[in-house]
Amino acid sequence: MKKRVLILMSDTGGGHRAAAEAIRDALYMEQGEQKVAVDMVDVFREYSPVPLKYAPELYPRWINRSKKSWEAGYKISNTPQNAQIVSTTIYHTIQSGLKRMFREHPSDVIVCVHSLVTRPAMKALMSRSHRPPFVVVVTDLVSTHHLWYEKRVERCLVPTLPAYDRGLESGLVPDQMRITGLPVHPNFVRGLTKQADARAQLGWDQNLPAILLVGGGDGMGPVYRTARAINERRLNCQLIIIAGRNNTLRKQLETSSWNQPTTVYGFRTDMPAILAATDVVVTKAGPATITEACIAGVPMILYDAIPGQETGNVEFIVSNRIGVFAPTPQQIGDTLARWMQEGPNSLRLRSERARALSHPNAVFDIADEVWRYAQQKPIDTDRLSLWKGVVRARRAINNQLDL
Ligand code: UDP
């Protein structure tokens, strides 16, 4: 019989959907659509009341407007006790939606790729007599929040050793966890053509070094200021800027004049080709972009990190000598000018180190794990349902009579 996989995500940033689609498509590739059906649900958008319903809109706005308050919220909530308070509050806000979601999307295994959803979802499932096996795929790289770790899950798949250690700290046991790397879409690796082919496909100049500027799926952070600072340097390069879903930013970029060949894009669905064609990526420290750039072997200049979940990513990239942290437009310009001067050899070394650190097959390892759990029987939650209560009472009476 066809196995049903339910993936819980939300469009807060681009990474959760990207991870969910990657796992879904790897399952389809490996098992075929005759054997598996995957449902993806944006838990906040589809099953939560206001204001959580608007989390996909509110998240980038909050971070763009007040990183300090986001940082404070992240830090305060990131203790075992406070994480529990946050998840209990979310649970009470969305519990009826969660229960409806599980009724409307019956499944053989649940995969959760969102930290805020993991614990409330498990709590909602525990109100049933049986629940499907629950697999968490942690989609932050290094400085992972306590909220990711729920002791009752069957499996917790993490991208890095620091994320694994954090799981142990949060009370998970080694047998529950595995370091797989972050899931990146199977087409990503397949789409990594030769640089010349990718450039021909995209219509970029074949000879000029290509600098890609991207602020995640939502065009977050000081993308415009950074672009202008690079522009001021008049480097011998071509500049490619991705505004993502940020239409205001896109318009602002499109109506500016540039000193070097410059291409402005909105949200792209061909990131493998774009990274294959790129020599240096200037980006915020988003986990998915970092992971994809590592697989593609593209050195990075990180200009920004969402405080909290992305802070550790910077240290990870810098300590592995794949890239640098350049938090001001001035520093980005200096770094680019230096890298261009150093020539291709130092870029090649960074590129090789990036590839060595990557897990291009992570998504298939994760899909295999999910498939394995999809074969398991539902788990008894030990909740005393009416029926179970009747069965137990009858057993007890029979035992008494036997005596
Ligand atoms: N992305 C994309 N098209 C774009 C811009 C970004 O597909 O135009 C993808 C990018 O390849 C990555 C994800 O969106 O997979 C961004 O995730 P990341 O974790 O870097 O940042 P987030 O957007 O989640 O803050």
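Confirm whether Arg348 is surrounded by fewer than 16 Cβ atoms within 10 Å (Cβ to Cβ), assigned to a helix (DSSP H, G or I) and either touching a helix residue (DSSP H, G or I) at 6+ places or on another chain (Cβ under 8 Å) or modelled with pLDDT of 90 or more (or both).
Working: surrounded by fewer than 16 Cβ atoms within 10 Å (Cβ to Cβ): yes; assigned to a helix (DSSP H, G or I): yes; either touching a helix residue (DSSP H, G or I) at 6+ places or on another chain (Cβ under 8 Å) or modelled with pLDDT of 90 or more (or both): yes.
The answer is yes for Arg348.
What pairs come out if I take residues in the range 13-27 that are within 25 Å of Met220 (Cβ to Cβ) and near the ligand (Cβ under 8 Å from one of its atoms) and pair them with residues that are modelled with pLDDT of 95 or more and part of a helix (DSSP H, G or I) whose C-beta lies under 8 Å away, six or more apart or interchain? If the second residue must be modelled with pLDDT of 95 or more and part of a helix (DSSP H, G or I), no pairs are left. Comparison of Gly73, Gly32, Gly15 shows that the only residue that is within 21 Å of Phe267 (Cβ to Cβ) and either out of contact with any strand residue (DSSP E or B) (no Cβ under 6 Å at 6 or more places or on another chain) or of a type outside the set (D, E, K, R) (or both) is Gly15. Criterion first (touching a strand residue (DSSP E or B) at 6+ places or on another chain (Cβ under 7 Å) and β-branched (Val, Ile, Thr)) does Val111 satisfy it? Considered against the rule, which asks whether it is touching a strand residue (DSSP E or B) at 6+ places or on another chain (Cβ under 7 Å) and β-branched (Val, Ile, Thr), Val111 comes out as yes.
Within the range 199-235, the set of residues being β-branched (Val, Ile, Thr) and touching a residue at least 60 places away in the same chain (Cβ under 8 Å) comprises Ile211, Val214, Thr226, Ile230. Just a yes or no: is a residue in the range 72-89 surrounded by fewer than 20 Cβ atoms within 10 Å (Cβ to Cβ), outside any helix (DSSP H, G or I), touching a residue at least 40 places away in the same chain (Cβ under 8 Å) and not hydroxyl-bearing (Ser, Thr, Tyr)? Yes: the range 72-89 contains one or more residues that are surrounded by fewer than 20 Cβ atoms within 10 Å (Cβ to Cβ), outside any helix (DSSP H, G or I), touching a residue at least 40 places away in the same chain (Cβ under 8 Å) and not hydroxyl-bearing (Ser, Thr, Tyr). Taken residue by residue, the range 212-219 has at least one member that is of a type outside the set (Val, Ile, Thr) and modelled with pLDDT of 95 or more.
Restricting to the range 1-23, what's the tally of residues that are assigned to a loop (DSSP other than H, G, I, E, B) and of a type in the set (D, E, K, R)?
2
Annotation: of all residues in the range 220-234 being part of a loop (DSSP other than H, G, I, E, B) and more than 8 Å from the ligand (Cβ to nearest atom), the one that is surrounded by the fewest Cβ atoms within 10 Å (Cβ to Cβ) is Arg234. Close contacts from the range 246-261, counting a first residue that is within 15 Å of Val214 (Cα to Cα) and a second that is of a type in the set (Asp, Glu), with Cβ to Cβ under 7 Å and a gap of 6+ residues or different chains, come to Asn246/Asp218.
Scanning the range 24-54 for residues that are within 15 Å of Val370 (Cβ to Cβ), of a type outside the set (D, E, K, R) and assigned to a helix (DSSP H, G or I) yields Ala26, Leu27, Tyr28, Met29, Gln31. Taking Ile290 as the residue in question, decide whether it is among the β-branched types (Val, Ile, Thr), farther than 19 Å from Gln331 by Cα and either under 15 Å from the mean Cα position of the chain (by Cα) or more than 8 Å from the ligand (Cβ to nearest atom) (or both). Answer is yes for this residue.
Among the candidates Thr278, Thr263, Thr283, the residue that is modelled with pLDDT of 95 or more and either more than 15 Å from the ligand (Cβ to nearest atom) or under 19 Å from the mean Cα position of the chain (by Cα) (or both) is uniquely Thr283. Ile306 meets all of the listed conditions (1) in a helix (DSSP H, G or I); (2) within 16 Å of the ligand (Cβ to nearest atom); (3) over 14 Å from Leu213 (Cα atoms); (4) β-branched (Val, Ile, Thr) but one, namely (1).
One residue stands out among those in the range 309-328 that are touching a residue at least 40 places away in the same chain (Cβ under 8 Å) and closer than 16 Å to Leu161 by Cβ: the one that is nearest to the ligand (Cβ to nearest atom), which is Asn313.
The values are calculated or read from the model by the stated rules, or taken from the named source; none is laboratory data. A quick note: this is a predicted structure, and the numbers were derived from the prediction, not measured. Every residue, glycine as well, gets a Cβ built from its backbone with ideal geometry; the counts of neighbours run over all protein chains shown.
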